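Single-structure report; data block below.
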Amino acid sequence: MRLFTIPNLMTLFRLLITIPIVYFIFSGNVVWALVLLLLGIISDADGAVARKLKQTSKFGEIFDPITDGIFIGAPIIVLSLMGKISIFLMGILIGIWGLVTIGVLLIYLRTKKVKNVYAGKILGMLSFLVIPLAILEFIYLDYYLIAVSAFVLIFFGYILNHYFYILRNEVK
């Protein structure tokens, strides 16, 4: 198994730029924080690149979602500590995504596959948008966070339903 493929390097890039993003958010350098966030979003095409170049791997299937969680979670936590995002709503969003991660992990442990669900990509993007909206001090951010949390919770229900579907079919 090759670890240093183009898609895995794209994922590693996204993970590594999380540190300067957090620094630029703390220092108030909005432009550089937003530029690096944009580069991170572009690097999120790693899965499509892996499929196109036939470089998919088990490592990439696990490394990518972990990196996504850190890439989105770290700035959200920092923005919350700075008072730009409600700690309560940040806790709800991160807690629900934690449940989604556990659900995906349970499915992976049962099937040894991580199913790419486009609804998950959309919800990831909606969650990601919290970061630039908070940096730019979007006036309706709390309402946006509540809506995103509701959608993520619905998605968690979908994942849980899929997990129990797998379990029911294994019993038969």
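The values are calculated or read from the model by the stated rules, or taken from the named source; none is laboratory data. Computed from a prediction, not measured in an experiment: that's the story for all the values here. Glycine gets a Cβ as well: all are built from the backbone with ideal geometry, and neighbour counts include every protein chain shown.
When you check Phe13 against the structure, is it within 16 Å of the chain's Cα centre (by Cα), surrounded by fewer than 19 Cβ atoms within 10 Å (Cβ to Cβ), on the phi < 0 side of the Ramachandran plot and aromatic (Phe, Trp, Tyr), yes or no? So that I can check it myself, show each step before the final result.
On the way: within 16 Å of the chain's Cα centre (by Cα): yes; surrounded by fewer than 19 Cβ atoms within 10 Å (Cβ to Cβ): yes; on the phi < 0 side of the Ramachandran plot: yes; aromatic (Phe, Trp, Tyr): yes.
Spelling it out, Phe13 is indeed within 16 Å of the chain's Cα centre (by Cα), surrounded by fewer than 19 Cβ atoms within 10 Å (Cβ to Cβ), on the phi < 0 side of the Ramachandran plot and aromatic (Phe, Trp, Tyr).
Go through (1) touching a Leu at 6+ places or on another chain (Cβ under 8 Å); (2) under 19 Å from Ser127 (Cβ atoms) one by one and return the number of the condition Val30 breaks.
Result: Val30 passes all but (2).
Answer yes or no: is there a residue in region 113-128 that is modelled with pLDDT of 80 or more and either over 17 Å from the mean Cα position of the chain (by Cα) or aromatic (Phe, Trp, Tyr) (or both).
yes
Residues being touching a helix residue (DSSP H, G or I) at 6+ places or on another chain (Cβ under 7 Å), of a type outside the set (Ser, Thr, Tyr) and assigned to a helix (DSSP H, G or I): count how many of those fall in region 78-105. Spell out the reasoning first.
Of the residues in region 78-105, the ones touching a helix residue (DSSP H, G or I) at 6+ places or on another chain (Cβ under 7 Å) are 78-80, 84-87, 89-90, 92-94, 96-97, 99-101, 103-104.
Narrowing further to those that are of a type outside the set (Ser, Thr, Tyr): 78-79, 84-85, 87, 89-90, 92-94, 96-97, 99-100, 103-104.
So of that shortlist, the ones also assigned to a helix (DSSP H, G or I) come out as 78-79, 87, 89-90, 92-94, 96-97, 99-100, 103-104.
Within region 78-105, residues that are touching a helix residue (DSSP H, G or I) at 6+ places or on another chain (Cβ under 7 Å), of a type outside the set (Ser, Thr, Tyr) and assigned to a helix (DSSP H, G or I) number 14.
Output the qualifying pairs, or none if there are none: Cβ atoms under 6 angstrom, residues six or more apart or on different chains, first residue in region 66-79 and touching a residue at least 40 places away in the same chain (Cβ under 8 Å), second residue charged (D, E, K, R).
That search, which allows pairs on different chains as well, returns Thr67/Arg14; Phe71/Arg14.
When only residues in region 63-104 that are among the polar types (S, T, N, Q) and farther than 30 Å from Phe4 by Cα count, which is modelled with the lowest pLDDT? Walk me through it before giving the result.
So in region 63-104, the residues among the polar types (S, T, N, Q) come out as 67, 80, 86, 101.
Now restrict to residues that are farther than 30 Å from Phe4 by Cα: 80, 86.
Details: Ser80: 92, Ser86: 88.
It comes out as Ser86.
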